[in-house]
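Read through the structure below, which is laid out as C-alpha cells, and then see the notes.
The values are calculated or read from the model by the stated rules, or taken from the named source; none is laboratory data. Small disclaimer: the values here were computed from a predicted structure and weren't measured. Neighbour counts are summed over all protein chains in view; Cβ atoms, including those assigned to glycine, are modelled from backbone coordinates with ideal geometry.
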Amino acid sequence: MYDDILIPTDGSDTISETLAHGLPIAANDDATVHTLYVVDSRVTAAAGEGTSTDLERSLRDEGQQAVADVEERATADGLETVGEVQTGTPAKTILEYADEQGIDLIVIGTRGKSPREKVTSLGSVSERVVDNASIPVLVVRNAGEAE
C-alpha cells in the first residue's frame, strides 16, 4: 500500500512516539522511510547579520543529528532509509519534499496544546501539513501532552 513514507523530525524527544507508529507501517509494507529536518528560514532570517551564518550552521548540525537518529532506528528495524536536511518554511518544505519524492504517507508528530495555546496559536507545522497535504497524513499525538 505504501512504498515511501515520510517521517519529518525536528530533533525533539517526540520523534520516539512518532517512530513507534510509523516504522511498523513501513515494515509491514516494506516501504522506504524518508526523514526530513527543515532548518526554518524564518528563524535564520530574523537573526542579526553577524549571527545568522553561525545559527544556520548550528541548526544544520542539529538537523544532521536528528536525521541520523531516525535513520539509525529505521535501519535497526531492517528498513531502507533516505535522510535529508533542507532550509525553508517547515510545513511548506515537508509538503514539497513529499510531492517531489512521490511520498505515499506522512507520519508526523504533534505537540498537544492547552485551550489557551490553541486560541493564540498561529497553527503548528503538523496542522499545516494536514490542512494542505494531498496524501494521507498520520498525526501522532505524543504521550504526556496537554489536553
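The numbered conditions (1) touching a Phe, Trp or Tyr at 6+ places or on another chain (Cβ under 8 Å); (2) closer than 27 Å to residue 46 by Cβ; (3) of a type outside the set (Phe, Trp, Tyr) are all true for residue 61 except (1).
Scanning the stretch 76-97 for residues that are free of Cβ contacts under 8 Å to residues at least 40 places away in the same chain and loosely packed, with under 13 Cβ neighbours inside 10 Å turns up just one, 76.
Close contacts from the stretch 46-71, counting a first residue that is without any contact (Cβ under 8 Å) to a residue 24 or more places away in the chain and a second that is outside any helix (DSSP H, G or I), with Cβ to Cβ under 6 Å and a gap of 6+ residues or different chains, come to 55/47; 59/39. Scanning the stretch 5-37 for residues that are within 16 Å of residue 77 (Cβ to Cβ) and among the charged types (D, E, K, R), we see that the one that is nearest to the chain's Cα centre (by Cα) is 17. The number of residues in the stretch 41-72 that are farther than 15 Å from residue 84 by Cβ and among the charged types (D, E, K, R) comes to 6. Of note, residue 32 satisfies the criterion of being in contact with a Ser or Thr (Cβ under 9 Å, 6 or more places away or on another chain), within 22 Å of residue 138 (Cβ to Cβ) and either surrounded by 13 or more Cβ atoms within 10 Å (Cβ to Cβ) or of a type in the set (Lys, Arg) (or both).
Step by step: first the residues of the stretch 92-114, then only those that are more than 22 Å from residue 20 (Cα to Cα) and small (Gly, Ala, Ser), then the one that is modelled with the highest pLDDT. Which residue is that? Once the filter is applied, the top-ranked residue is 102.
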